[in-house]
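Since the structure comes first, as structure tokens, the remarks are kept for the end.
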Amino acid sequence: MTPNLNPIAAEVRASLLERFLRYISIDTQSQEESDTYPSTSKQLDLLRLLHTELAELPLERLCLDEHGYVMAQIAPSPGLEDAPAIGFIAHVDTSPDLSGANVRPQIIESYTGSSIPLGESGYSLSPEAFPELEELIGHCLITTDGTTLLGADDKAGVAVIMTLATYLTQHPEVRHGRICIGFTPDEEVGRGVDHFDVEAFGARYAYTVDGSVEGELEYENFNAASAKLLLHGRNIHPGYAKGKMINALELWHELHAQLPQNERPEYTEGYEGFYHLIGLEGSVEEATASYIIRDHDRELFEQRKARLEHLVGAMNERYGLTVAELQLQDQYYNMREQIAPHPQLISLAEEAMRRSGVRPLIRPIRGGTDGARLSYMGLPCPNLFTGGANFHGRYEYASLEVMSRSVETLVHLVQLWGETTTTEP
């Protein structure tokens with residue numbers, strides 16, 4: 001049986017599904033190597049559609065700017081003009097990790113708890129591999145056919161915010177302050193807010209709607225950096241190489257072996273950081289290795305970067321040559337220190353969830369969101385659940401019931417903020 005839903009979630013359920021399916025049909029995959037903004041022009045296909053759909057609602061300050069950002073505002077209810085302006089933000093792009101073109105979703109009307117074949121791909125979504133599925137028995141699940149990702153990251157969030165906007169304009173009895181809406185490109189490649197105009201957006205506080213399972217509320221994320229190792233070898237005929245050859249691939253292996261094996265993503269959880277090798281290419285002459293470095297603790301994060309610098313310096317000293325170079329670049333920082341001075345952001349979100357029948361689940365993000373960077377741009381921005389899961393791959397899925405509860409949570413959240421008469425706790 002379909003799980004019981006409160007009246008708000010039940011009302012939006014059907015339109016939310018229709019909207020979500022419409023958005024995931026549009027390929028919006030971003031591209032790491034691109035030097036344009038957005039990184040792929042196809043992201044604008046969905047951004048333009050969102051702009052068109054928002055134009056059908058009685059909103060204020062609607063715009064699609066030259067960078068692809070879509071922004072709009074819902075006017076405050078009469079008498080609540082002085083309530084803090086609250087924002088909701090989601091990104092339209094999907095991960096470069098797997099194709100987002102020609103998504104053919106499967107709709108499981110009422111999940112029974114058994115393994116779900118993903119089309120004819122030979123892959124399946126099973127509770128043995130993904131035990132959290134057992135908590136979704138009776139839910140309507142939207143899955144992939146095994147050949148693409150789904151796009152719930154973050155088109156579930158996009159659909160939730162759009163459904164919220166429609167609901168509020170149809171229900172003026174729901175009293176709220178000014179609400180600001182934003183849709184961004186290129187979050188998946190770390191450039192989602194490169195040109196985001198916080199002042200023009202208009203909110204004092206905001207939430208990204210880019211989380212996963214029901215109740216997820218996140219205000220801690222990794223400190224993040226990218227690292228590129230450039231290894232310079234010396235290629236000599238292998239028959240005459242003794243004492244002369246320097247193999248760039250072996251240089252990489254020597255250096256990589258000195259990183260702690262148990263500090264890789266597959267061995268870590270919770271607050272534990274890691275080094276993650278994401279790319280390797282090369283030959284005897286030249287090799288390049290790309291890593292990402294992550295840690296919630298800022299001091300440990302700095303130590304991780306320093307360790308790589310030490311290994312590179314020590315290698316060059318041993319060889320008496322510059323055989324290794326390191327390019328380090330910080331990407332974003334833990335937003336906790338920016339959000340901690342504003343505890344209402346968390347307490348009101350928790351209360352909104354409880355009013356929606358949702359149990360708050362507070363835990364650190366083992367990744368990053370646009371909100372992490374926005375928090376350091378003067379817009380404190382925790383992250384809320386959407387109902388999607390297994391992001392970035394063929395096993396991605398979404399629960400329609402959890403998406404519906406996400407909409408209801410936002411409805412209660414804007415009411416709670418409307419009752420707040422000060423912008424500071």
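The values are calculated or read from the model by the stated rules, or taken from the named source; none is laboratory data. Being a predicted model, the structure only gives us computed values, none of them experimental. Glycine also receives a Cβ, built like all others from the backbone with ideal geometry; neighbour counts cover every protein chain displayed.
Observations
- Residue check, Arg359 in contact with a strand residue (DSSP E or B) (Cβ under 9 Å, 6 or more places away or on another chain), farther than 20 Å from Trp417 by Cβ and assigned by TED's automatic domain parsing to the domain that holds Thr409: no
- Total residues in segment 1-60 satisfying the condition of being touching an Asp or Glu at 6+ places or on another chain (Cβ under 8 Å), of a type in the set (Val, Ile, Thr) and without any contact (Cβ under 8 Å) to a residue 24 or more places away in the chain: the figure is 1.
- Only one entry in Ala352, Ala287 is touching a Leu at 6+ places or on another chain (Cβ under 6 Å), within 22 Å of Gln258 (Cα to Cα) and crowded, with 21+ Cβ neighbours inside 10 Å, namely Ala287.
- Set Gly122, Gly113, Gly157: member being under 21 Å from Asp97 (Cβ atoms) and free of Cβ contacts under 8 Å to residues at least 60 places away in the same chain: Gly122
- Scanning segment 1-54 for residues that are touching a Pro at 6+ places or on another chain (Cβ under 7 Å) and either exposed (fewer than 15 other Cβ atoms within 10 Å of the Cβ) or among the charged types (D, E, K, R) (or both) gives a single hit, Glu32.
- All strands (runs of 3 or more DSSP E) inside segment 1-97 with 1 or more residues being touching a Lys or Arg at 6+ places or on another chain (Cβ under 6 Å): 70-74
- Cross-chain or 6+ apart pairs with Cβ under 9 Å, segment 179-199 first and touching a residue at least 24 places away in the same chain (Cβ under 8 Å), then among the basic types (Lys, Arg) and not in a loop (DSSP other than H, G, I, E, B): Cys180/Arg61; Gly190/Arg373; Gly192/Arg373; Val193/Arg373; Asp194/Arg373; Phe196/Arg373
- The requirement of being assigned to a loop (DSSP other than H, G, I, E, B), outside the structural domain of Pro382 (by TED's automatic domain parsing) and over 23 Å from the mean Cα position of the chain (by Cα) is fulfilled nowhere in segment 263-275; no residue meets it.
- Here Leu231 meets each of (1) more than 29 Å from Asp297 (Cβ to Cβ); (2) touching a residue at least 60 places away in the same chain (Cβ under 8 Å); (3) surrounded by fewer than 19 Cβ atoms within 10 Å (Cβ to Cβ) with one exception, condition (3).
- Index of the failed condition, Phe385 passing every other in (1) under 20 Å from the mean Cα position of the chain (by Cα); (2) closer than 14 Å to Phe20 by Cβ; (3) not small (Gly, Ala, Ser): (2)
- Hits in segment 133-164 - residues which are assigned to a helix (DSSP H, G or I) and touching a Lys or Arg at 6+ places or on another chain (Cβ under 8 Å): Ala159, Met162, Thr163
- Subset of segment 177-213 (residues that are among the acidic types (Asp, Glu), crowded, with 24+ Cβ neighbours inside 10 Å and either closer than 21 Å to Gln73 by Cα or over 15 Å from the mean Cα position of the chain (by Cα) (or both)): Asp210
- Residue count, segment 357-397 (criterion: assigned to a loop (DSSP other than H, G, I, E, B) and more than 22 Å from Pro265 (Cα to Cα)): 14
- Criterion applied to Asp65, Asp82 was being farther than 26 Å from Leu413 by Cβ and of a type in the set (D, E, K, R), and the one residue passing it is Asp65.
- Some residue of segment 102-116 being touching a Ser or Thr at 6+ places or on another chain (Cβ under 8 Å), modelled with pLDDT of 95 or more, under 28 Å from Ile179 (Cβ atoms) and not acidic (Asp, Glu): no
- Qualifying positions in segment 238-248 - part of a helix (DSSP H, G or I), exposed (fewer than 11 other Cβ atoms within 10 Å of the Cβ) and either within 21 Å of the chain's Cα centre (by Cα) or small (Gly, Ala, Ser) (or both): Gly239
- Selected residue (criterion: surrounded by the fewest Cβ atoms within 10 Å (Cβ to Cβ)) from residues of segment 249-262 that are in contact (Cβ under 8 Å) with a residue 24 or more places away in the chain and under 20 Å from His310 (Cβ atoms): Gln258
- Any hit, segment 165-175, residues being in a helix (DSSP H, G or I) and within 30 Å of Ser34 (Cα to Cα): no
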